[in-house]
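Asks: Starting off with a structure, shown below.
Every number in this text was worked out from the coordinates using simple rules, so none of it is lab data. Predicted model, so just to flag it, every value in this text is computed and none were measured. Don't worry about glycine lacking a Cβ; one is built from the backbone with ideal geometry, like all the others, and counts go over all protein chains shown.
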């Protein structure tokens with residue numbers, strides 16, 4: 001490996017570590033799972049591409065997204081956004097689990113009807129991450 005390639009590789013690793021550190025440190029140490037989910041919902045509403053919400057995703061969720069061919073991710077994200085029309089979203093109950101927390105959530109769906117969700121969040125590398133979100137009306 002040439003000296004230039006080693007430097008390039010080291011810079012890439014350093015950038016990845018700095019990004020991971022900045023995302024983890026962006027969350028207050030005492031942040032609850034509920035506060036994390038509220039921040040995620042706000043970011044999701046503002047997001048214009050899937051990359052905007054990747055910092056909130058668990059490693060397994062990121063892996064699924066990254067399996068999608070890059071050219072199809074924009075369409076996938078548009079579809080997700082079109083189905084997620086929930087407003088007035090609030091966490092009703094937070095229950096600790098072995099890996100993080102399960103949230104019981106309520107909101108109003110696109111038809112102006114009450115909807116509920118179960119949301120699993122996990123702690124990864126000291127930061128909350130979204131693992132699973134299941135809505136029903």
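Asks: Can you work out the FRET efficiency for the pair residue 82 and residue 32, with r the C-beta to C-beta distance and R0 = 35 Å, to the nearest 0.05?
Replies: Values: r = 30 Å, r/R0 = 0.85.
E between residue 82 and residue 32, to the nearest 0.05, is 0.70.
Asks: Additional query: If the chain between residue 136 and residue 106 were fully stretched, how many nm would it gain, using 0.36 nm times the residue separation less the Cα-Cα distance?
Replies: On the way: separation 30, 0.36 × 30 = 10.80 nm, distance 0.97 nm.
Stretched out fully, the residue 136 to residue 106 stretch lengthens by 9.8 nm.
Asks: Which order do the peptides 93-104, 121-132 come out in when sorted by mean C-beta neighbours inside 10 angstrom, highest first? Kindly include the intermediate steps, with their values, before the conclusion.
Replies: On the way: 93-104: 14.2, 121-132: 18.3.
Highest-to-lowest ranking by the protection proxy: 121-132, 93-104.
Asks: Taking the Cβ of each residue in 109, 51 as the centre, tally the other Cβ atoms inside 10 Å and list the residues starting with the fewest.
Replies: 51, 109
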